[in-house]
1. Name the strands (runs of 3 or more DSSP E) wholly within the stretch 1-115 that hold at least 1 residues that are of a type in the set (A, V, I, L, M) and exposed (fewer than 13 other Cβ atoms within 10 Å of the Cβ)?
2. Could you list all residues from the stretch 29-59 that are more than 18 Å from Y93 (Cα to Cα) and in contact (Cβ under 8 Å) with a residue 12 or more places away in the chain?
Amino acid sequence: QVQLVESGGGLVQPGGSLRLSCAASGSIFSIYVMGWYRPAPGQQRELVATITSDSNTNDADSVKGRFTIRRDNGKNTVYLQMNSLKPEDTAVYYCNALDPRIIPHTGRSVDYWGQGTQVTVSS
């Protein structure tokens, strides 16, 4: 079982910056694919950014050039640096940890979610 604790959300003016953190329990953090997600119309949650165990990243088009995901395996933590924030970035941001190992006989992997941290962009 993995527990994820997000922090760093808050209220910021348009054009401002925030850094979200997600601290994970467990000793095999380095193998997880880590990601940040937020609710979106018509979807339960949309991908914001992900980072693999070897630090390959994938960003949503809506945040490219503004948000940066990185990980610190020594601290079991993933970060989301958010710059040039827009009101449409307002959301609860959720951290996700995907264990890439396939459970035998199921064809499925296990993933874990944090409780979320609120980001509000408003003047």
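FYI, it's all coordinate maths here, none of it is from the lab. Computed from a predicted model, the values in this text were never measured in an experiment. No Cβ is skipped: glycine too gets one built from the backbone with ideal geometry, and neighbour counts run over all protein chains shown.
1. So the answer is 10-12.
2. Of everything in the stretch 29-59, those that are more than 18 Å from Y93 (Cα to Cα) and in contact (Cβ under 8 Å) with a residue 12 or more places away in the chain turn out to be F29, S30, I31, Y32, T52, S53, S55.
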